Amino acid sequence: MKVTIVGAGAVGASCAEYVAIKNFASEVVLLDIKDGVAEGKAMDLMQTATLNSFDTKITGTTNDYSKIAGSDIAVITSGIPRKPGMTREELIGINAGIVKEVSSNLIKHSPNVTLIVVSNPMDTMTYLVHKTTGLPKNKIIGMGGALDSARFKFRLSEALECPPSDVDGMVIGGHSDTGMVPLTRLATRNSVPVSAFLSEDRLNQVSEDTKVGGATLTKLLGTSAWYAPGAAVSALVQAIACDQKKMFPCSAMLEGEYGLNDICIGVPAILGKDGLEKIVEIELDDAESNKIKESAEGVNKTNALLEL
């Protein structure tokens, strides 16, 4: 199992670390355009192998796509990060060109690869890869909902004053501050609806805190977060690599599901050896249906800015 991560910045390097520590891949390749960065981070990570008890081989390369040949899964994190006050949508002009070039090179050297898109605006970048690569739709996955859901569960556990492992919940919709749809109605604490413990006002606050989770961290850190994004990507990689059939909210190309067409947006999906193996349609109430339609309108507006 060979995993390539394009972009050896904080998110890419964190993803590589988590994949290696989980010890399910034989090789992880870090690729970056900045001379020496991928090689240096790969060496640094390999020097933790005996300390963290993993045997995954991590290598780095500066813009040499021949080194990624035969990759089973590739993660695209490349692009400029979000700055304080910058929306994900403002990134589109620069990052679209980067993602298009990267995905083309990945497929050239690894034609059977499954792509996981992380670059922002993520739903639009995932849509771009669908429209420009010709890969089957199951081979292109956008990472957003897995991260947003992890942030949602953190906020729920915080409000409930309980261990995070007690909590289950999911965020669907667009991966943006206004597009997320945290499904508070379906969230549970050990199978008990969280509404049994929290007031409507408190749940609304949890929902709002979840939506601005990325912006909150950007304001605090001065750049995008990396630990949780890296962990979220590694969970998707593992689900595919190990054929786990796990369900994650992912940005998937919809063809009628949830009443939406020709759009990539966050919905529950089963991930396994064939990539995105099934989109799961859950029954939404009227309010949730309206919210995902509004979210789709926002994603479509951003997609319209692409030069396909």
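With 0.36 nm allotted per residue and the present C-alpha distance subtracted, the D274-S26 stretch has 87.4 nm of extension available.
With only Cα atoms counted, the range 200-278 has Rg and Dmax values of 15.5, 42 Å. Seen against the Cα atoms of the chain and their longest principal axis, helix 200-211 is set at about 20 degrees.
Treat each spin label as a single point 7 Å out from the Cα along the C-beta direction, and report the T216 to S199 distance in nm. In this crude label model, T216 to S199 measures out at 1.9 nm. Roughly speaking, what is the centre-to-centre gap between the range 224-275 and the range 191-219 when only Cα atoms are used, to the nearest Å? That distance is 22 Å. For the chain, the longest principal axis of the C-alpha atoms and the axis of helix 92-109 are separated by about 50°.
Rounded, prolate or oblate for the range 43-153? Axes are the square roots of the Cα gyration tensor eigenvalues, ordered a ≥ b ≥ c, and the cut-off for rounded is a/c under 1.5. Oblate shape, in that a/c is at least 1.5 and b/c is the bigger or equal ratio. A 1.4 Å probe run over the protein chains yields, for the chain, 44 Å² of accessible area per residue, whole-number rounding. In whole percents, the pair-distance distribution calculated for the range 82-217 from its alpha-carbon pairs, binned every 5 Å from zero, is 2, 10, 18, 18, 14, 12, 11, 8, 5, 2, 0.
Calculated [222 nm] ellipticity per residue, helices only, for the chain: -13000 deg cm²/dmol; basis is -39500 (n - 2.57) per DSSP H run with n ≥ 4, divided by all residues, nearest 500. Sorting the segments 92-101, 141-150, 9-18 by their mean number of nearby beta carbons within 10 angstrom, highest to lowest, gives 141-150, 9-18, 92-101. For the chain, the antiparallel share of DSSP beta bridges with both residues in that region comes to about 50%. Its Cα centre serving as origin, the chain has a Cβ charge dipole (Lys and Arg +1, Asp and Glu -1) of approximately 580 debye. Across all Cα atoms of the chain, the radius of gyration (one decimal) and Dmax (whole number) stand at 18.5, 55 Å.
For K245 and T50, a Förster radius of 35 Å and the Cβ-Cβ distance give a FRET efficiency of 0.60, rounded to the nearest 0.05. Ordering 179-186, 196-203, 57-64 by mean Cβ neighbour count within 10 Å, with the highest value first, yields 179-186, 57-64, 196-203. Which residue, chosen from L284, S234, L254, occupies the Cα position most advanced towards the positive end of the dipole of the range 234-296, where the dipole is computed from +1 (Lys, Arg) and -1 (Asp, Glu) charges on Cβ about the Cα centre? Going by the charge dipole, the pick is S234. Net charge in the neighbourhood of K41 (other residues with Cβ under 10 Å of its Cβ; Lys, Arg +1, Asp, Glu -1) is -4. Taking each of K137/K211; K22/K293; K137/K301; K22/K273; K131/K246 in turn, the alpha-carbon distance tops 29 angstrom for K22/K293. Surface composition of the range 1-46: carbon plus sulfur atoms contribute 58% of the solvent-accessible area (1.4 Å probe, protein chains only, all chains present).
Which FRET efficiency, nearest 0.05, do D262 and D64 yield, Cβ-Cβ r, R0 30 Å? The formula returns an efficiency of 0.25 here. For F154, what accessible surface area do you get with a 1.4 Å probe? Give it in Å², rounded to 10. Its heavy atoms expose roughly 110 Å² to the probe. Cα axis of helix 122-133 to longest principal axis of the chain: angle in degrees, 0 to 90, nearest 10? In the chain, helix 122-133 runs at an angle near 50 degrees to the longest axis. What the Cα atoms of the range 1-41 give is an Rg and a Dmax of 9.7, 28 Å.
The values are calculated or read from the model by the stated rules, or taken from the named source; none is laboratory data. Given the structure is predicted, the values throughout are model-derived calculations rather than measurements. Methodologically, a virtual Cβ is constructed for each residue, glycine included, from the backbone with ideal geometry; neighbour enumeration extends over all protein chains shown. Ligands, DNA and RNA are stripped out before the accessible areas are found, and what is left, the full protein with its side chains, is counted by its heavy atoms. Shrake-Rupley method; radii C 1.70, N 1.55, O 1.52, S 1.80 Å.
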